[in-house]
Amino acid sequence: MLKKIATEKAPAAIGPYSQGIITGNLLFASGQIAINPANGAIEAEGIVEQTEQVMKNIGALLEAAGTDYTRVVKTTCFLADMNDFATFNEIYAKYFTEKPARSCVAVKTLPKNVLCEVEVIAEV
């Protein structure tokens, strides 16, 4: 049975999808971008600020699912510019201390023209 995860502490879905789905003992969280959940706006401008907001949003989803960063098993990271890779990694490493498996790719454009997006799979 699938259980939908929804929290007001993370941005509402901006399309036909759920913030996250739990099946079995795994959470599949939708990609998070630098939206401030309080007002739905992109306020952060640079890669540091946007990555921090993304991590806050992921943290809120993990909490709503009853898990945390230490139980993330896989991330997929999307960057608008691979030149931001090193800076992105500095922020990322503060949160993903258990070093889950990861893919990181540069893409042409992200929703709302943000600089990064991260999705996670976590054990619950």
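The values are calculated or read from the model by the stated rules, or taken from the named source; none is laboratory data. No experiment lies behind these values; they were computed from the predicted model shown. Note that each Cβ is placed from the backbone with ideal geometry, even for glycine, and that neighbours are counted across all protein chains shown. In case anyone asks, the SASA skips ligands and DNA or RNA and just uses the protein heavy atoms, side chains included. Shrake-Rupley method; radii C 1.70, N 1.55, O 1.52, S 1.80 Å.
Here are the numbers:
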| item | result |
| --- | --- |
| Average accessible surface area per residue within the stretch 4-83, 1.4 Å rolling probe, Å² | 48 |
| Surface/4 of the Cα convex hull for the stretch 7-69, nm² | 4.3 |
| Accessible-area value, S18, 1.4 Å probe, nucleic acids and ligands omitted, Å² | 30 |
| Distribution of pairwise C-alpha distances over the chain, 10 Å bins, in % | 14, 49, 33, 4, 0 |
| GNM result for the chain, Cα springs below 10 Å: residue of I33, I14, I58 fluctuating most strongly | I14 |
| Rounded to whole Hz, the Karplus (6.51, -1.76, 1.60) HN-Hα couplings of the stretch 54-66, x for glycine and proline | 4, 5, 4, 5, 4, x, 5, 5, 4, 4, 4, 8, x |
| nm² value of the averaged projected area, convex hull over the Cα atoms of the stretch 48-108 | 4.0 |
| 5 angstrom amide H check on Q32, placed H, neighbours 5+ away | V118, E119 |
| Order by protection proxy (mean Cβ within 10 Å, highest first), peptides 46-53, 66-73 | 46-53, 66-73 |
| Nearest 10 degrees, 0 to 90: helix 85-95 Cα axis against the chain principal axis | 30 |
| Accessible surface of the chain, 1.4 Å probe, proportion on carbon and sulfur as whole % | 53 |
